[in-house]
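Have a look at the structure below before the remarks.
No value in this document is a laboratory result; all are computed from the given coordinates. All figures in this text were calculated on a predicted structure; none of them were measured in a lab. Positions of Cβ are backbone-derived with ideal geometry, glycine not excepted, and every protein chain shown enters the neighbour counts.
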Amino acid sequence: MRAFVFSIILICSGILTSCSDDGTAPKPTVQVATGEGTISEGDTIGEGALMHFRLVINGNGAKITNLVATITCDGQKKTMMDFGLWKDKLDTIIGFYKSAWKQENWTFTVMTENRDFASAGITIHKGSISAFGPIVNWPLITLSFQNGEGPHYFDVETGEVLTDTEATTRQSDVDLLVYFYNDAGKPSPTFSSPGDQDALSHYPVIGNWSTLTYTKYDYVTQTTPEAFDEASNDSLLIKQYDDVWGRRKYKYATAGWVFPFKTTNGKIGLIKVLRSDLDASGTIDFAVKVQL
Amino acid sequence: MNTIGKLATVLLALIFCTPINGQITGRITDNISGEPLPGAVVMWSVKDGTTTNSDGYYMIKPATSGSLTLTASFLGYETASRKVTFKQGEALKVNFVLVTRTVVTEPVVITATRTENRLSDVPARINTLSSKQISQIPASSSDELLAYIPGIQISRSFGILSPKSTVSMRGLSGKEQSRTLVLFDGIPINKTDGGSVNWNLLNTDQIERIEVIKGPGSALYGGNAMGGIINIISRKPHQKLVGKLATEYSTFNTPGARLSLSGREKPGDSTGFYWSVNGFARRSDGYVVQPEVEQTRYTTKSEMTEIMGGLKLGYDFNQFRNLEVDVRMYDDMRGSGEKVYQPDGNSTDHDTRHFRATYHDRLGKTDISATAFALIEDYAKVNEYMRDNSYTFYDVDSKRSDLGLLLNASSEVWNKHRLSAGIDLRRGAVDAADIYYTSTDKIINRGKMDFGAVYLQDEYSFLGGKGRLVAGLRFDYAHFHGGEFSIEYPSEINSFMAPYQINAIETTTWTAVSPKLGLQYKPTANTRIYTGYSRGFRPSILDDMCRSGRIRGGFKIANPNLKPETIDNIELGVDALLFGYLKASATSYYSLGHDFMYYTSTGQTIDMGYAINPISKRENISKVEIYGFEAEISTRPISWLVVFANYAYTHSQIKDYEVVNPLVDFNLTGKFLTDVAPNIFSAGVNINVGRIRAAAYCKYTDSMWINDSNGFDDTYLFAYKYPSVFQVDAKISVRIWKTLTASTSVQNVFDVKYYESKGSVNPGRFVTGEISYSF
């Protein structure tokens, strides 16, 4: 009987206790590398200029899963990028526009799958001459929703609207398309990048494309139509677009809404919706201002 | 293994078949099929007896010569006796052919009163499944065994690939397992965290019987017993050594195996050590559950692997005193059909350990029992997806535990009364975190709920046993504490939740009083009528008390002040054995639920970054009216055929829904409960001829509302209701040789496709072939 009770205790304690592995996880490294065409410590940059940072990141055996870029100045902090990924190493150049802040303390923080962190920083000063770039204005574009007969696709750099046939032959030029659906009962004229999954359900032809672009729409930041109309360089565009909120589609795009976007080629722009039908056979009118 | 096993079986048969001087040997078989009857009892005196082995053979050694009366008995058969003259030094062979009882046998049940009673002596609607019935049902998991019980609804959207299943009854939503209490050997296995039950971890081969008690049962069991109670009772070894090894292969390239071994030190004796070991393993390639329009380049099949092992050790000190320990482990991985970078993609993993120790004894006229249990589950859910060229990967890691002590005493007093009293103590806890790897967030929620309860029950027989009264009362006290909701390193996207962090959520307490009263009368031996009143309740799940977070269309905040939902039920039932062979029963019931929990707006809004959404929290704001009718018939017109049919009607409607914020909230008054089928019909036949056992069942489940507002679902299903489903299942088993059986089961014979609330599709026809070896 004693052996019986003892064996029960042994078995139960074995089952109810668990062991943990106390291994030491590798630590990641991140470095802001300098070189031609990239930003170095202490550089002076004009407001609106495009800055390129070269980051060299190593997970040292663990996958790199998160890259965050923040700027701080005079106690204010802004997250410029918060990006998920899954890579062993990364040697990449990323671009941001210089803000109006006099001194920007940039911090690049990486995290691995083990939630180990590493960060590197660099300080940039604002130059006296602003460097905003020119923009191009497409004042009236009309696209048809998925059941309409007109063109559905748009190339923001050339201002061309494209039919199914044209879009199929120029896949890399298609920055956006439009469709209409009811989202839980709410009518939603929708701008989408061809690379978004939902676009495929409205335009099955995309399933045969070999090149898909991924235009991202900032679905949080709102701009007034008046500000859109007044924009004469890319200042407003740069200030409005926040990559943290960039998504592949923009829903509920009815008349009066103005929202920023960024194309796969890195062009930032604004869309102002002028008019929209509320059925899948209808059309939508909009204006676009985009970096030249 | 096969060769050795066969040789061993042949050898055993030879040993038992060949009479040895000084022994009486023989075999006990069924009169129709000629099948051996393992476990049949052979007695040659009041206290001397033995049981047959797996091939139906027995052997006895009477100490003295002379005239003996051998008596052979087996459950479900007429007892047979034979007078023999035995002389020491001579061998004697005495075979018995037992005749099947033509009347429907009546099981003994324990769940409804926590005491042993014949089924017809309990004033409640009870359905049972015996091990023989269980072996004939086409089912791939333990919950599916219940599918043909009247009024039972099972929600298992993806067959064996479903990480969870819900079994509900009596008009309570099929989405909520927490409103139906599930016991395993008397231990509550609904988790305090979310009320759910992991049906996957139960080995169907280990089930001795299942008892289903319809209607509220909180007067004896406390929380979760609103719609009813399901008690799954495992086998207790009675023989020296028995075992079964089954291998199976199913649709979607699904191989599996089950093993059960058990033994007893002194077969046929009420003392001694016994043990059993059981386990199963199964894996499946699965199938693509997403509809075609939802599939992406990351879509994969929802594959599955699972493994389970269990050990039961027990010691019978005498007929009444027993100590038993049961430990079980289960581990699974079930993919949900999307894979980006992680080895198993989006998946769930349950790592579960169950422990139970039970002590029974009799002190004077009082039966006592004490059970300690620990149910521990490490749940992990991997979430990964690629959106907007950015990768998101996070784990939900949740440690859920339920520890308890159940004490019960039962004694016959004042001649015709049996009084039972007990104390239940339990602690449920959750310690969970959403750990992000592609952002810095770590969102933590934890909380504990302590329950203490006392109960008293009286069973009273009167009118010479024709009348029976069962009355009970239970008082439950619950204390919520240790609640926390916090975020470590909130990133930009989750920063909106930061103001709602609470490191010490307020502690709360509540109490519940649950009475019951049942009365029945048997005008004849084969007829009874009963009526009863009972109350049930379910405590709020910990998830609603201590976790804030995103929900569809907004944000919910924790509400530690939630009270339990309650339901009061009256019912009337009648049973009759018609024409001597047709068992019929009918039940009607009326229930009124109070304080049902729904999400409602707090009147505040939250800027979630992408939108300003209402803040919601669970509140006890609704009454629910449920009434229904259940009827069933079953018959065994000839010994090898059983036919059954049953029907259940349910009306479940929300009453007096309290609208907290009319500007935001939808008034649900008058709406019907979701996931409740108003009409369910099922029927089936079991055939047992010679070496062949076959079963064919069908079930019709009516259409059900999809959402609380009974509105049109324009996201996934594009309908107001789930369509009705008619499903046919079948199974056939053939005993190829004494120890070898081959069987095939087909679930959903006509390959009917149906969809769950997010548009994912069921597996369709599911075929399983099995070969089992028993000894």
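Cβ-to-Cβ counts within 10 Å put B:774, A:193, B:588 in ascending order as B:588, B:774, A:193, the fewest first.
A full extension of the chain between residue B:454 and residue B:81 corresponds to an added length of 129.5 nm, given 0.36 nm per residue minus the alpha carbon distance.
Modelled this way, with points 7 Å down the Cα-to-C-beta line, the labels at residue A:119 and residue B:413 are 7.0 nm from one another. Could you tell me which trypsin sites (Lys or Arg not before Pro) in segment B:517-598 are loop residues by DSSP with no more than 11 other beta carbons within 10 angstrom of their beta carbon? Counting only loop positions with at most 11 other Cβ atoms within 10 Å, the trypsin sites (Lys or Arg not before Pro) in segment B:517-598 are B:552.
For the peptides A:86-95, B:116-125, the ranking by packing is B:116-125, A:86-95, with the highest mean count of neighbouring Cβ atoms within 10 Å listed first.
Dividing the helix sum by the residues of chain A, where each DSSP H run of 4 or more adds -39500 (n - 2.57), gives a mean residue ellipticity at 222 nm of -3500 deg cm²/dmol. The residue B:752 and residue B:605 beta-carbon pair, evaluated with R₀ = 51 Å, returns a calculated FRET efficiency of approximately 0.70. Over all distinct Cα-Cα pairs of segment A:29-126, the Kirkwood formula returns a hydrodynamic radius of 13.7 Å.
One quarter of the surface of the convex hull around the alpha-carbon atoms of chain B equals 33.4 nm², the direction-averaged projected area.
Distance between the modelled labels on residue B:488 and residue A:274, one decimal in nanometres: 5.4 nm (7 Å Cα→Cβ projection).
For segment B:136-260, the alpha carbon positions stretch 40, 38, 29 Å along the principal axes, listed from largest to smallest. For the pair residue B:578 and residue B:692 in one chain, pulling the backbone fully straight at 0.36 nm per residue adds 38.2 nm over the alpha carbon distance. Inverting the pair-averaged 1/r between distinct Cα atoms of chain A gives 21.8 Å as its Kirkwood hydrodynamic radius. Applying a DSSP loop filter and a limit of 13 other Cβ atoms within 10 Å to the GluC sites (Glu not before Pro) in segment A:122-195 leaves A:149. Net length available on complete extension from residue B:247 to residue B:700 is 160.0 nm, with 0.36 nm assigned per residue and the Cα-Cα distance removed.
Summing charges over all other residues whose Cβ lies under 13 Å from the Cβ of residue B:366, with Lys and Arg as +1 and Asp and Glu as -1, gives +1. Look at the dipole of segment B:233-774 built from charges on Cβ: of B:358, B:503, B:695, the Cα furthest out on the positive end belongs to B:695. Of all the options A:107, A:158, A:264, the one that moves most in a Gaussian network model of chain A with Cα springs shorter than 10 angstrom is A:158.
Put a plus charge on the Cβ of each Lys and Arg, a minus charge on the Cβ of each Asp and Glu, and nothing anywhere else: the dipole of the protein assembly as shown about its Cα centre is then about 5120 debye. Other residues whose C-beta falls under 9 angstrom from the C-beta of residue A:132 contribute a net charge of -2, scoring Lys and Arg +1 and Asp and Glu -1.
Taken about its Cα centre, segment A:29-126 carries a charge dipole of about 160 debye when Lys and Arg each add +1 at the Cβ and Asp and Glu each add -1 at the Cβ. Can you compute the FRET efficiency between residue B:118 and residue B:719 using 1/(1 + (r/R0)^6), with r the Cβ-Cβ distance and R0 = 45 Å? Round to the nearest 0.05. Once the sixth-power term is evaluated, E becomes 0.45.
If you plug the beta carbon distance of residue B:511 and residue B:660 into 1/(1 + (r/R0)^6) with R0 = 22 Å, you get a FRET efficiency near 0.35. Close lysine pairs were tallied over segment A:135-291: pairs 8 or more places apart or on different chains with Cα atoms under 21 Å apart number 27.
Across the protein assembly as shown, Cα-Cα distances exceeding 47 Å account for 40% of all pairs. In this simple spin-label model, placing a label point 7 Å from the Cα along the Cα-to-Cβ direction at both residue A:142 and residue B:59 gives a separation of 9.9 nm. Applying both filters, DSSP loop and at most 15 other Cβ atoms within 10 Å, to the chymotrypsin sites (Phe, Trp or Tyr not before Pro) of segment B:255-322 gives B:317, B:320. Rounded, prolate or oblate for segment B:90-168? Axes are the square roots of the Cα gyration tensor eigenvalues, ordered a ≥ b ≥ c, and the cut-off for rounded is a/c under 1.5. It is oblate, given that a/c is not under 1.5 and a/b is not larger than b/c. Using the structure shown, list the pairs from B:191/B:721; B:655/B:721; B:442/B:623; B:214/B:671; B:516/B:556 with a Cα-Cα distance above 28 Å, or answer none. Cα-Cα > 28 Å for B:191/B:721; B:442/B:623; B:516/B:556; rest within.
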